Amino acid sequence: MGIKVDIAGVRAKVSEQAFENGRFALGNQMISDMDSFVPRKDGTLRQSVHLSSDAKEIIYQTPYAARQFYVQAYNYSTPGTGSRWDLKASSMFMSEWVKVFEKGMGI
């Protein structure tokens, strides 16, 4: 006696395309949620952000982005901003990010 399980629906939900759709949805939501934690003097750093073509990286396209991200400074021009804005945002929004990823995948 055997059991036959049809997993065609599950495979469609976790296909590479569904996973990519989830990554794009997640990346865009992360960019939006992290924005208020990104240092802002004239807004150039915040305006330079975009997703990589495969949605695996969030890229801040300014020469000083890495310094702002990794180096802790004490005189950020906007209160509540600073280095490692990803960690600040993830502590607040991680549960929402999981939901956005799942919704983007179609789950």
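Probe radius 1.4 Å, ligands and nucleic acids ignored: give me the carbon and sulfur share of the accessible area of the chain as a rounded percent.
Accessible surface attributable to carbon and sulfur in the chain totals 56 percent.
Please find the FRET efficiency linking residue 96 to residue 74, where r is the Cβ-Cβ separation and R0 is fixed at 41 Å, and quote it to the nearest 0.05.
0.85
Could you sort 85-91, 73-79 so that the peptide with the highest average Cβ count within 10 Å comes first and the rest follow in order?
Those peptides, ordered most packed to least, come out 85-91, 73-79.
Shape of region 42-96 from its Cα gyration tensor (a ≥ b ≥ c, root eigenvalues): rounded if a/c is under 1.5, otherwise prolate when a/b > b/c, or oblate?
Because a/c hits 1.5 or more and a/b fails to exceed b/c, region 42-96 counts as oblate.
Using a probe radius of 1.4 Å on heavy atoms only, what accessible surface per residue do you get for the chain? Whole Å² is fine.
Per-residue value: 70 Å².
Note the direction-averaged projected area, equal to a quarter of the hull surface, for the Cα convex hull of the chain, in nm².
8.6 nm²
Can you list residues from other chains, or at least 5 along the same chain, whose modelled amide H is less than 5 Å from the amide H of residue 49?
Result for residue 49 returns 61.
Output the relative contact order of the chain, whole-number percent, from Cα pairs under 8 angstrom with separation of 6+ residues.
37 percent
What FRET efficiency would be calculated for the residue pair residue 14, residue 48, taking the C-beta separation as r and a Förster radius of 35 Å, to the nearest 0.05?
The computed FRET efficiency comes out at 0.60.
The values are calculated or read from the model by the stated rules, or taken from the named source; none is laboratory data. It should be emphasised that the depicted structure is a prediction, and the values quoted were computed from it without experimental measurement. Every residue, glycine as well, gets a Cβ built from its backbone with ideal geometry; the counts of neighbours run over all protein chains shown. Side chains are part of the model used for accessible areas, which takes the heavy atoms of the whole protein and leaves out ligands, DNA and RNA. Shrake-Rupley method; radii C 1.70, N 1.55, O 1.52, S 1.80 Å.
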